[in-house]
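The structure under discussion appears below in the form of structure tokens.
The values are calculated or read from the model by the stated rules, or taken from the named source; none is laboratory data. Just so it is clear, the structure is predicted and the values come from calculations on it, not from any experiment. Virtual Cβ from ideal backbone geometry, glycine too; neighbours counted across all protein chains shown.
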Amino acid sequence: MTSPIRTQVAIIGAGPSGLLLGQLLHKAGIDAVIVERQSPDYVLSRIRAGILEQVTVDLLHEAGVGQGVAADGTVHHSIELVFSGVRHAIDVHGLTGGKVVTAYGQTEVTRDLMAARTAAGLPTVYEASSVSIHDFDGQRPKVRFQKDGVEQEIECDFIAGCDGFHGVCRASVPEGSIKEYEKVYPFGWLGVLSDVPPVSPHAIVYGNSERGFSLCSMRSMTRSRYYIQCSLEDKVDAWSDTRFWDELRRRLDPELAERIVTGPSLEKSIAPLRSFVAEPMRHGRLFLCGDAAHIVPPTGAKGLNLAATDVKYLSSALIDYYKDHTESGIDNYSTRALSRIWRAERFSWWLTSLMHRFPDSEGFGQKVQDAELDYLVHSQAASTTLAENYVGLPLDFAELRA
């Protein structure tokens, strides 16, 4: 083993949450080393979310990496709901006093953060194998890993687990210390990424039809991301590009279906949907962030945004610890983060339940769903509730009540 590396914060995972945490800590003069088991190219190849709340956009600017989203992000002022063959616009901007969301892909966010970290000469260990964490219940946590066949160790004050749902950090917490809440949905999403202009450049379109859910979103003005609800038994190979585009059109209103520009798929995959929360999110000097602690169905576009706000809470707590020598922020991290997480979980579950066709939703259940959709688009109060959750609740919920 080589001589231990000493840092203040060891961050496990170089996805957007780990990189954003590292950048915010760097801006505050706090040292951090990031350890990632995959290569940079692999991290950038992961196709994920593309809708950023204003809170997340503000965080990117705070971290000094907001130039990309400012230059290339596309602001969305509304969302559109299609049901019974008719499209209805929800004026998100007007209903929330001017708030918006911005289309800017997670890949671009990650690339911006990687570039900033490289430019600053900050340490990131990619392709680290056999990563393990130790002694986080004491005062001197350690991270061990192998790089190029050599075992290495990081000594640190704190460990931030930003390593995803299947990462080592949550799995290392002693049995019985975490309570897990989970809901698995009885369908998946078949998603296609294609270099075609979006069918609705300044709005996301959610479709509810007798054939199932559909979603029209975008990554840029020349790259679009489309989804349809599918069976968990479906196989990607069974869905040719032609079959996908034909099915998507069938789930939209006629005018929108006619406008869709089709093209070859760059990426095609089926993702299962689940809701998941593990609490608490602090265990001694280990903190869980993002997918390591919670998963939301992508319907509400909350996954990346929740990870970013976890990072905001944690970075503020660590900055207070080092600058003001107070532990109140780290003591309250889990409670504060979970308060916002559960509200986002509720919204994502509700929107998923509203827009999808469930196996047991025939008869009474379907009539109730139809009635709720009709009420939603004709009631300003109901539309406002949708809009304020969609753009993202404040970091402190008391601000909303005020």
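For the reader, a short list of remarks on this structure follows.
- Residue count for the stretch 74-106 satisfying the condition of being more than 28 Å from R250 (Cα to Cα) and more than 20 Å from the chain's Cα centre (by Cα): 6.
- Pairs, first over 14 Å from A257 (Cα atoms) in the stretch 203-219, second among the basic types (K, R) and modelled with pLDDT of 95 or more, C-beta under 6 Å, six or more apart: R211/R250; R211/R251
- Subset of the stretch 204-248 (residues that are buried (at least 16 other Cβ atoms within 10 Å of the Cβ) and either in a loop (DSSP other than H, G, I, E, B) or out of contact with any strand residue (DSSP E or B) (no Cβ under 9 Å at 6 or more places or on another chain) (or both)): W239
- Residue count for the stretch 108-129 under the criterion of being hydrophobic (A, V, I, L, M, F, W, C), crowded, with 18+ Cβ neighbours inside 10 Å and within 27 Å of I51 (Cα to Cα): the result is 4.
- Per-region count, the stretch 249-280, residues crowded, with 17+ Cβ neighbours inside 10 Å, of a type in the set (D, E) and under 13 Å from Y226 (Cα atoms): 0
- Among the candidates T335, T299, residue that is under 30 Å from A103 (Cβ atoms), part of a helix (DSSP H, G or I) and either touching a Lys or Arg at 6+ places or on another chain (Cβ under 6 Å) or among the β-branched types (V, I, T) (or both): T299
- Considering the stretch 133-181, and only residues there that are aromatic (F, W, Y) and under 19 Å from the mean Cα position of the chain (by Cα), the residue that is nearest to D291 (Cα to Cα) turns out to be F165.
- Among the residues of the stretch 175-189, at least one is hydrophobic (A, V, I, L, M, F, W, C) and within 18 Å of I51 (Cα to Cα).
- Helices (runs of 4 or more DSSP H) wholly inside the stretch 11-90 containing at least 1 residues that are closer than 28 Å to S265 by Cα and either in contact (Cβ under 8 Å) with a residue 24 or more places away in the chain or out of contact with any strand residue (DSSP E or B) (no Cβ under 6 Å at 6 or more places or on another chain) (or both): 16-27, 40-45, 67-72
Yes/no per residue for (1) of a type in the set (G, A, S); (2) under 24 Å from S353 (Cα atoms); (3) modelled with pLDDT under 95:
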residue	(1), (2), (3)
R223	no, no, yes
T242	no, no, no
T262	no, no, no
L273	no, yes, no
H283	no, no, no
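- For the stretch 39-71, the tally of residues that are of a type in the set (V, I, T) and in contact with an Asp or Glu (Cβ under 9 Å, 6 or more places away or on another chain) stands at 4.
- Residue match in the stretch 263-282 (condition: part of a loop (DSSP other than H, G, I, E, B), over 30 Å from D310 (Cβ atoms) and not hydrophobic (A, V, I, L, M, F, W, C)): yes
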